[in-house]
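The values are calculated or read from the model by the stated rules, or taken from the named source; none is laboratory data. Quick caveat: nothing in here was measured; it's all calculated off a predicted structure. When we count neighbours, we look across all protein chains shown, and the Cβ atoms used for this are built from the backbone with ideal geometry, even at glycine.
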Amino acid sequence: MSYRRVCPSDAATQDAGAAFAAVLRPRDVVLLSGALGAGKTTFVKGVARALGVVERVTSPTFTMVRQHAAHNDQGITTLHHADVYRVNSLGEVLDLDLGELVEEDAVALIEWGELAATVFGREVLTLEFAIDASDEEARRIEVGGAIDAVRASALAQWSDA
Ligand SMILES: Nc1ncnc2c1ncn2[C@@H]1O[C@H](COP(=O)(O)OP(=O)(O)O)[C@@H](O)[C@H]1O
Ligand SMILES: [Mg+2]
């Protein structure tokens, strides 16, 4: 079973993020991968909207990690948003202490997270973003990683495939 969604516009990618928020539970770590401009930050904006983040979410490229207070009935009070694009080595990833982001009431979404995968000694969700070859406005998102039965049914709702 694979879970994927095609997003024909910027707004559709945000909506995909908002719908994906329903899949999240406290302590979840989500690693987002895909080329520059593939829609990772756009997606995170949608997640933030659905989790009741009031602040504006922008690309954390230069700060690496941002914290946003969240207000929802899922028990998630903090959204950590990281971007490790500019990090060159595993040593630098380790220096960021991303493991520390996994708090009881928080979720962490990490762009270019594939480099960070080894940092997390537990299962993570992965989101792969691809720009559609036939339509440069469209994006494809595929979900993988730690998908248990509860999440599988939520992801089936989320998925359009
Ligand atoms: N279907 C789409 N989904 C997301 N972004 C899109 C889409 N079509 C065009 N875009 C544009 O692509 C760019 C995506 O940027 P961003 O979300 O910052 O990507 P990333 O974080 O993966 O580098 C934005 O300029 C956005 O307007
Ligand atoms: Mg980005």
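Here is a check on your reading of the model: is residue 20 within 13 Å of ligand 1 (Cβ to nearest atom) and aromatic (Phe, Trp, Tyr)?
no
Pick from the range 73-117 the residues that are small (Gly, Ala, Ser) and closer than 23 Å to residue 25 by Cβ: which of them is nearest to the chain's Cα centre (by Cα)?
Just the residues of the range 73-117 that are small (Gly, Ala, Ser), to begin with: 75, 82, 89, 91, 99, 106, 108, 113, 116-117.
Filter again for closer than 23 Å to residue 25 by Cβ, leaving 75, 82, 99, 106, 108, 113, 116-117.
Numbers: 75: 18, 82: 9, 99: 15, 106: 13, 108: 7, 113: 9, 116: 13, 117: 13 Å.
So, considering only residues that are small (Gly, Ala, Ser) and closer than 23 Å to residue 25 by Cβ, the one nearest to the chain's Cα centre (by Cα) is 108.
Assess whether residue 27 counts as being within 14 Å of ligand 1 (Cβ to nearest atom) and either modelled with pLDDT under 95 or over 21 Å from residue 116 (Cβ atoms) (or both). Please lay out each step first, then the result.
Working: within 14 Å of ligand 1 (Cβ to nearest atom): no; either modelled with pLDDT under 95 or over 21 Å from residue 116 (Cβ atoms) (or both): yes.
It is false that residue 27 is within 14 Å of ligand 1 (Cβ to nearest atom) and either modelled with pLDDT under 95 or over 21 Å from residue 116 (Cβ atoms) (or both).
For the range 29-48, the criterion of being under 14 Å from the mean Cα position of the chain (by Cα), charged (D, E, K, R) and farther than 19 Å from residue 153 by Cα is satisfied by at least one residue.
Could you grab me the full set of residues in the range 79-102 that are within 16 Å of ligand 1 (Cβ to nearest atom) and touching a His at 6+ places or on another chain (Cβ under 9 Å)?
Of the range 79-102, the ones within 16 Å of ligand 1 (Cβ to nearest atom) are 79-87.
Within the range 79-102, 79, 80, 81 meet the criteria.
In the set (1) outside any loop (DSSP other than H, G, I, E, B); (2) buried (at least 19 other Cβ atoms within 10 Å of the Cβ); (3) among the β-branched types (Val, Ile, Thr); (4) at pLDDT below 95, residue 118 fails one condition alone, (2). Checked against the criterion of being in contact (Cβ under 8 Å) with a residue 12 or more places away in the chain and more than 17 Å from residue 124 (Cα to Cα), the candidates 70, 82, 11, 22 yield just one match: 70.
Please enumerate the residues belonging to the range 62-75 that are more than 16 Å from residue 112 (Cβ to Cβ) and touching an Asp or Glu at 6+ places or on another chain (Cβ under 7 Å). Lay out the reasoning, then the answer.
Our first condition is that a residue be more than 16 Å from residue 112 (Cβ to Cβ); within the range 62-75, this holds for 67-75.
Across the range 62-75, the qualifying residues are 68, 75.
Evaluated against (1) surrounded by fewer than 14 Cβ atoms within 10 Å (Cβ to Cβ); (2) closer than 18 Å to residue 24 by Cβ; (3) under 16 Å from the mean Cα position of the chain (by Cα); (4) not basic (Lys, Arg), residue 70 falls short on exactly one condition, (1).
One residue stands out in the range 41-55 among those that are touching a Ser or Thr at 6+ places or on another chain (Cβ under 6 Å) and closer than 16 Å to residue 107 by Cα: the one that is nearest to ligand 1 (Cβ to nearest atom), namely 41. Using the structure shown, decide if residue 27 is of a type in the set (D, E, K, R), touching a residue at least 24 places away in the same chain (Cβ under 8 Å) and surrounded by fewer than 19 Cβ atoms within 10 Å (Cβ to Cβ). Yes, satisfied. The residues on offer are 58, 78, and the sole one that is in contact with an Asp or Glu (Cβ under 8 Å, 6 or more places away or on another chain) and over 12 Å from residue 110 (Cα atoms) is 78.
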